[in-house]
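Undergrad: Supplied in structure tokens, the structure appears directly below.
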Amino acid sequence: MRTSDRQHTYGMGRIYQRGRVWWVRYYRSGQEFNESSQSEKEADAKKLLKKRLGEIVLGRFAGPRADKVTVKEIAEDLLTDYQIRGRKNQRQVKSKVHHLLMHFGHDRAKSITTDRIKTYIAKRQEAGASAAQINREL
């Protein structure tokens, strides 16, 4: 079955099938986004499209890439910003970010939950870090 044979339009987006996997296509500010539902179920693609269109309407859309950003990428952006701005406390920030990267570095930022932060706090306390030091790291 060709891709064009299995597509459905829903408002400002549509779902379509590539091979066995369903994809969604939607637009924001004239820019086209294509995103895999990572599922062979049409219902999953409908759900994803509905979610993305809702985010766009509510002004909460960050794009599919936002779901994949790692803590390391955010930390690198922070350090780059400090460098560009010529901030005097770059060295202090690097040392604080170091502890976070050791614990969360390659994790996706969206996966950092309250429970995981509490676990981090407990481990830092066990390592002898003060409450103020941990607070500044976070």
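Undergrad: Here is a list of conditions, (1) assigned to a helix (DSSP H, G or I); (2) out of contact with any Leu (no Cβ under 9 Å at 6 or more places or on another chain), and Ala129 meets all of them except one; can you say which number that is?
TA: Against the list (1) assigned to a helix (DSSP H, G or I); (2) out of contact with any Leu (no Cβ under 9 Å at 6 or more places or on another chain), Ala129 comes up short only on (1).
Undergrad: Going through Val93, Val71 one at a time, which residue ends up being more than 17 Å from the chain's Cα centre (by Cα) and either assigned by TED's automatic domain parsing to the domain that holds Tyr26 or at pLDDT 85 or above (or both)?
TA: When all the criteria are applied, what remains is Val93.
Undergrad: If we keep just the residues of segment 1-25 that are within 26 Å of Gly59 (Cβ to Cβ) and modelled with pLDDT of 90 or more, which is surrounded by the most Cβ atoms within 10 Å (Cβ to Cβ)?
TA: Step by step, filter segment 1-25, then rank; the result is Val24.
The values are calculated or read from the model by the stated rules, or taken from the named source; none is laboratory data. If you're wondering where the values come from, they're calculated on a predicted model, not measured in any experiment. Methodologically, a virtual Cβ is constructed for each residue, glycine included, from the backbone with ideal geometry; neighbour enumeration extends over all protein chains shown.
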